[in-house]
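Visitor: The structure's right below; bear with me while I get my questions together.
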Amino acid sequence: MLQQLKIDKELVRERFCKTLGSYGRNAAVQKTMAVELAEMVCLEEPAGKFDRVLEVGSGSGLLMAELLTRCWVTSYYANDLVEESRQCLHKVLAGSQVEEFHFIAGDIESTLKLPSGLDLVVSNATLQWLDNLDEFFRTMSAHLRPGGILAFSTFGPSNMQEISSIEDVGLSYNTLGELEILARRHFDLTFSREEEQRIEFSSPEAVLRHIRLTGVNGLQRRSWTKSRYQHFVSEYRRLFSCENGVYLTYHPLYCCLKKKLL
């Protein structure tokens, strides 16, 4: 039976901090999600002009880069658990038209001083790491202006199911329907969709390397013994082989919401 662990935010911070330099080169799915999310924002607001924007889980700047090539933003607020990501974002900002940039370090679920009157809140491939999504939606609604947009991508229950089936441990992912129910308590839903992608790798070892280089293994402080490693590799090859090696499933979810008008 799959063991759903309580998220260790400090471990998540440590793992993503280690991979800031390699994330952008290896997180191909998350980069595609950032492109889709930025396009989704543009469809919702064709003029592409936003006075105050907050990004939750800004990381190495994948989404920021996509947004700023499509939109005009006056004040950009970026939040991340990893304070060191600030340097990555400054590189993305170089040459942009953003007039003000503010970095807010820390856990978005803790007591952080967030800006009010926001036009747009965005988050790419981050919400699966949160403990209380209902409270997150409530907080974002409180900081958005009436009619303001919340647009996000995250992952669904099939995400990395190959890993969890062998290791018997994984995140507690929400379905798209569950996310819609939670979000509708505070927002009007304007768009949602989901997809599954099978990414092929040459070997189970290449899958593990991919996971390590993207930092998405922040679930357990558990070392790889020789027997555990050999079991994982043999089971992965036995269960999830394909013509070009082995595969790994990603399950992106997308939602675009508007704060209810008073």
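Nothing in this text is a laboratory measurement; each read-out follows from the coordinates by a stated rule. The shown structure was predicted, so the numbers you read here are calculated from the model rather than taken from an experiment. Glycine gets a Cβ as well: all are built from the backbone with ideal geometry, and neighbour counts include every protein chain shown.
Visitor: So what is the relative contact order of the chain, in percent, for Cα pairs below 8 Å that sit 6 or more residues apart? Walk me through the intermediate numbers first.
Guide: Values: 485 pairs, mean separation 66.3, N = 262.
That works out to 25 percent.
Visitor: Kindly provide the trypsin sites (Lys or Arg not before Pro) of the stretch 156-196 that DSSP labels as loop, not H, G, I, E or B, and whose Cβ sees at most 15 other Cβ atoms within 10 Å. Intermediate results must be reported in sequence, preceding the final value.
Guide: Values: sites: Arg184, Arg185, Arg193; in loops: Arg184, Arg185.
Passing both the DSSP loop test and the Cβ count: Arg184, Arg185.
Visitor: In the stretch 39-118, what GluC sites (Glu not before Pro) fall in a loop by DSSP, with at most 12 other Cβ atoms inside 10 Å? Present the calculation step by step, with values, prior to reporting the outcome.
Guide: Working: sites: Glu39, Glu44, Glu55, Glu66, Glu83, Glu84, Glu99, Glu100, Glu109; in loops: Glu83, Glu84, Glu99, Glu109.
For GluC sites (Glu not before Pro) across the stretch 39-118 that sit outside H, G, I, E and B with at most 12 neighbouring Cβ atoms in 10 Å, the list reads Glu99.
Visitor: Please build a GNM for the chain, connecting alpha carbons under 10 Å apart, and tell me which residue among Asn132, Asn244, Asn79 fluctuates the most.
Guide: Asn244
Visitor: Kindly work out what percent of the DSSP beta bridges joining two residues of the stretch 1-113 are antiparallel, to the nearest 5. Intermediate results must be reported in sequence, preceding the final value.
Guide: Details: 0 of 13 bridges.
Just about 0 percent of them are antiparallel.
Visitor: I've got another one for you. Residue by residue through the stretch 115-131, what is 3J(HN,Hα) from phi via Karplus (6.51 cos²θ - 1.76 cosθ + 1.60, θ = phi - 60°)? Round to whole Hz and write x for glycine and proline.
Guide: Here the 3J(HN,Hα) series is x, 10, x, 6, 8, 8, 10, 10, 7, 10, 6, 10, 5, 5, 8, 8, 8 Hz.
Visitor: Treating only the Cβ of Lys, Arg, Asp and Glu as charged (+1, +1, -1, -1), what charge dipole size does the chain show about its Cα centre? Round to the nearest 20 debye.
Guide: Numbers: 30 positive and 34 negative charges, 94 e Å.
Result for the chain is approximately 460 debye, rounded to the nearest 20.
Visitor: So, one more: Past the 21 Å Cα-Cα mark, which pairs from Lys9/Lys258; Lys31/Lys91; Lys18/Lys91? Show your work: numbers first, answer last.
Guide: Working: Lys9/Lys258 29 Å; Lys31/Lys91 17 Å; Lys18/Lys91 18 Å.
Going by Cα-Cα distance, Lys9/Lys258 fall outside the 21 Å limit.
Visitor: On to the next question. So what is the 222 nm mean residue ellipticity for the chain from helices alone, if each DSSP H run of at least 4 adds -39500 (n - 2.57) and you divide by all residues, rounding to the nearest 500 deg cm²/dmol?
Guide: Values: 10 runs with 101 residues, N = 262.
About -11500 deg cm²/dmol.
Visitor: Pick out, from Thr32, Ser58, Ser22, the residue whose Cα sits farthest towards the positive end of the charge dipole of the stretch 13-63, with +1 on the Cβ of Lys and Arg and -1 on the Cβ of Asp and Glu.
Guide: The listed residue farthest towards the positive side: Ser22.
Visitor: Enumerate by residue number the chymotrypsin sites (Phe, Trp or Tyr not before Pro) in the stretch 176-262 meeting two conditions: DSSP loop (anything except H, G, I, E, B), and at most 15 other Cβ atoms within 10 Å of the site's Cβ. Let's see the in-between values first.
Guide: Values: sites: Phe187, Phe191, Phe201, Trp224, Tyr229, Phe232, Tyr236, Phe240, Tyr247, Tyr250, Tyr254; in loops: Trp224, Phe240.
Hits after loop and neighbour filter: Trp224.
Visitor: Next question, about the same structure. Under unit Cβ charges (Lys, Arg +1; Asp, Glu -1), what dipole magnitude, rounded to 20 debye, does the stretch 34-144 have relative to its Cα centre? Working shown, then result.
Guide: Working: 7 positive and 18 negative charges, 63 e Å.
The calculation lands at about 300 debye.
Visitor: Next question, about the same structure. Over 10 Å intervals from 0, what percent of Cα-Cα pairs in the stretch 123-211 sits in each interval?
Guide: For the stretch 123-211, the binned pair fractions read 14, 42, 26, 14, 3 percent.
Visitor: Through the Karplus equation 6.51 cos²θ - 1.76 cosθ + 1.60, θ set to phi - 60°, convert the phi angles of the stretch 165-172 into ³J(HN,Hα) values in whole Hz; use x for Gly and Pro.
Guide: Whole-Hz 3J(HN,Hα) from phi for the stretch 165-172: 5, 8, 8, 6, 8, x, 6, 8.
Visitor: Separate question: Once each part is reduced to its C-alpha centroid, what is the distance from the stretch 242-262 to the stretch 1-54 in angstrom?
Guide: Going from one Cα centre to the other spans 11 Å.
Visitor: What is the extension gain from Arg237 to Glu44, computed as 0.36 nm multiplied by their sequence separation minus the C-alpha to C-alpha distance, in nm to one decimal?
Guide: Numbers: separation 193, 0.36 × 193 = 69.48 nm, distance 4.31 nm.
Net length gain for the segment: 65.2 nm.
Visitor: Projecting each Cα onto the charge dipole of the chain (Lys/Arg +1, Asp/Glu -1 at the beta carbon, about the Cα centre), which of His231, Phe136, Leu171 comes out farthest on the positive side?
Guide: Of His231, Phe136, Leu171, it is His231.
Visitor: What distance in nm separates the simple spin-label points at Lys6 and Phe103, each placed 7 Å from Cα in the Cβ direction?
Guide: 3.0 nm
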